[in-house]
Structure formats: C-alpha cells, structure tokens
Amino acid sequence: METRELPREGAADCEERPALSGTGTGHSPRLPGLLWEPKYSLVQEVGRGSYGVVYEAVVRKSGARVAIKKIRCDAPENVELALSEFWALTSLKRQHENVIQFEECVLQRNGMAQKMSHGNKRSEFYLRLVETSLKGERILGAGEPCYLWFVMEFCNGGDLNQYVLSRRPDSAVNTSFMLQLTSAIAFLHKNHIVHRDLKPDNILISEKSGVPILKVADFGLSKVCVVGGGAATNKNVNVNKCWLSSACGSDFYMAPEVWEGHYTAKADIFALGIIIWAMIERITFIDAETKKELLGTYVRQGSEIVPVGEALLENPKMELHIPQKRRTFMSEGIRQLIKDMLAANPQDRPDAFELETRMDQVTCAA
C-alpha cells in the first residue's frame, strides 16, 4: 500500500517526495532546528475532479482514518470554492450526525504549513486568498504554489449513487435515508447555510456503526446567509428570504428559479425532492461527461431527457407523474410531499423545518 505524509504546522513540504511503502510509519528527515513529525499519512487516492483530489489518510498518533481533500490555489475559481466550503463548515458551532464532520484546514506554501482559521486578519496569506476569491484574479505571486488541505471524517460506504444502485430496493433504508436527509437540510438552514449543490454524488455514506449513516458533503458552492450587525443579528436570518443570484449547481437537480438566477434556500428543497423521488423509484440517467449511471429524475421530450427544473421553467403548469413507474409502491403521504417539494413556485414548497416535520409524519404513517 502506497503512503505519503502531509506536513504539520511548520513542517516542510512532503508532497513532492517519493512515496513511502509499507504501513505509513516511514521516517522523517531532520531539518535545521526541527524534527519533522507529520500529523497525517496519505494512504490512497479515493476521488479526483477539476476541483481537487481526495485521499484516504490516517492520523499518525491515533491511527484514526480521515479523508483529506487537496486543492491547488493557482486558479481563482478553486480558491473561491475552497473558501466557500471552509466558511460554511467553520460557521457551524456544533456537529450534526448527517453533515460531514470538518476537522481542520491546512495552508501549505513554500514548504511550510499552517492551520487556517476563519477571519484571521493577521495572516497575510489568508487575506490574499480572500482577495483572490473576491477579485477573480490571481493575487499570489508567481512561483508561489500553494495548497489547501481539508481534513474531514472518512466515509467508507461510498456515495448515495453507489450505495443505492449496488443493492436491492429496501423500503426501510429509503425511509431512514429520507429522514436523515431532511434532518440534515433543516440543520443547515437553521444555521443559515444554503448548500446549492445537493445531489447523490455529494451525499456520502458512513457504515462505521454497521448502519448506513448519510453525510451531506461538498460545500464548495454553498452560501452562508448573513446580514450586517454581528452574530446577534444573524440569529434572526431567514434563509428563505435570503436571495441568491448565481445560477450554480448540477442541471438535473436545479430548481426552476435557479435557472433564472433568482432564488432562496427553497432551491435545496427542490433538489432534495429530485433525489428522494429518484431513490425510491431507482430512476437513473447516464451522465454525458463521466458516462456514469446516476440517480435523478427527468422529463422526456421526444428522444431527449430534460431536467425537471428546466422543464418546469418552460411550463410551470406541467403535471409531474409521481410515481413514474407503475410497480412502485409509494404512500399517498410521501407522493404528495414529493410533489410539494417539486412545486414550480418556490412559495408552494415546504421550507426545511416544515419538511422535516411532514417527513416524520408521512414515514410514521407509511
């Protein structure tokens, strides 16, 4: 098994060193006045995208498994996504079982590493990252490669696509997942976070306890809704009245109003409706770019499949056929709730708190 080491604060860059083999204990080079003792050992790559690379790693002292996302800060869009995720996860004052647990973020530059803290105005490098994000242009000097390493809990069950599509349909699991998802979104909205990219790829599964536990992850497109006046004022922020304008997300899960570029947290409810509907009925499509089979509902127009949100934008009065498959068993309560979650008009959708209550009621009744 191939292992590498991530530097701890004040340690030299180890990313470009040859990989170590064995269990990851390895050896540490002696630097002038410093004995390098890396905090983490990278075990293997578990995911890769345009945004960054994700590794399985272990904490050297405890042996605990963690996931580490490595992001190169050479492009303003990467910095913007990284800071959005960092700000969202560090804004949470407490943990939720169904939201990925964030451990720390380490800035690595010029062979040195330091733990990053939110709003650290004494860190020139942190301020330059923020400036890069705001201006959309590289502020860091040439020849200054830097990385952000996000350390989070490791989920050993893959993502929702992999978990659901590799198993036989199970109504008890579906019910559990629906309750977990609605609880997670209610928690995020209560803490003023709009996810904006809910999809099965961004919902991970932990099976540490022997029972599948969902973890909402990947907050790169998220938005923390705040107002001026400090923390006391922000306690009263209503995410359903916080208007957003960036048309972002993944096409098949985007609400009609997101396509228009004028929306609130109710867009998360729509995305969740698509995910739950697809999960119950095992409705899938083939992603044009990756060629992977993904959970997601759609509208068929001739030989084309069109995202539900896009179709509703063109025809808000379009009737969705829920369930889509004749053999699907779906209680009337769940059917109506999904229909309400996918209302073309966001004002007709339940908010996250009403959704959580109604989901408890309809799953108990079912």
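The values are calculated or read from the model by the stated rules, or taken from the named source; none is laboratory data. The shown structure was predicted, so the numbers you read here are calculated from the model rather than taken from an experiment. As a convention, Cβ positions derive from the backbone with ideal geometry for all residues, glycine included, and neighbour counts pool all protein chains shown. SASA here: full protein model, heavy atoms, side chains in, ligands and nucleic acids out. Shrake-Rupley method; radii C 1.70, N 1.55, O 1.52, S 1.80 Å.
Condition test on K70, is it at pLDDT 85 or above, of a type in the set (K, R) and not in a strand (DSSP E or B)? For K70, the condition - at pLDDT 85 or above, of a type in the set (K, R) and not in a strand (DSSP E or B) - is not met.
Taking residues in segment 295-307 that are within 21 Å of R282 (Cβ to Cβ) and assigned by the TED database to the domain that holds K199, and partners anywhere that are open to solvent by 60 Å² or more (accessible area, probe 1.4 Å) and basic (K, R), the pairs with Cβ atoms closer than 9 Å and at least 6 places apart or on different chains are V306/R300. For beta carbons closer than 8 Å, sequence separation of 6+ or different chains, a first residue in segment 70-94 that is not assigned by the TED database to the domain that holds L221 and open to solvent by 30 Å² or more (accessible area, probe 1.4 Å) and a second that is among the basic types (K, R) and modelled with pLDDT under 85, the qualifying pairs are D74/R138.
Enumerate the pairs (first residue in segment 310-336 and over 24 Å from E354 (Cβ atoms); second residue anywhere and hydroxyl-bearing (S, T, Y) and assigned to a loop (DSSP other than H, G, I, E, B)) with beta-carbon separation below 9 Å, excluding pairs fewer than 6 apart on the same chain, so at least 6 apart or on different chains. Going by the 9 Å Cβ cut-off, the qualifying pairs are Q324/T297. If the condition is being part of a loop (DSSP other than H, G, I, E, B), surrounded by fewer than 16 Cβ atoms within 10 Å (Cβ to Cβ) and of a type in the set (A, V, I, L, M), then segment 259-298 contributes only A288. Of the listed requirements (1) open to solvent by 10 Å² or more (accessible area, probe 1.4 Å); (2) within 21 Å of M359 (Cα to Cα); (3) more than 15 Å from the chain's Cα centre (by Cα), K199 misses just one: (3). Counting only helices (runs of 4 or more DSSP H) that fall entirely inside segment 305-366 and contain at least 2 residues that are touching a His at 6+ places or on another chain (Cβ under 9 Å), the qualifying elements are 352-365. In segment 124-146, the condition of being at pLDDT 80 or above, under 19 Å from L83 (Cα atoms) and either assigned by the TED database to the domain that holds L92 or in contact with a strand residue (DSSP E or B) (Cβ under 6 Å, 6 or more places away or on another chain) (or both) is met by at least one residue. Checking every residue in segment 219-238 against the condition of being aliphatic (A, V, I, L, M), over 30 Å from R300 (Cα atoms) and open to solvent by less than 10 Å² (accessible area, probe 1.4 Å) gives zero matches. Hey, among M152, M178, which residue is buried (at least 22 other Cβ atoms within 10 Å of the Cβ) and among the hydrophobic types (A, V, I, L, M, F, W, C)? The conditions single out M178.
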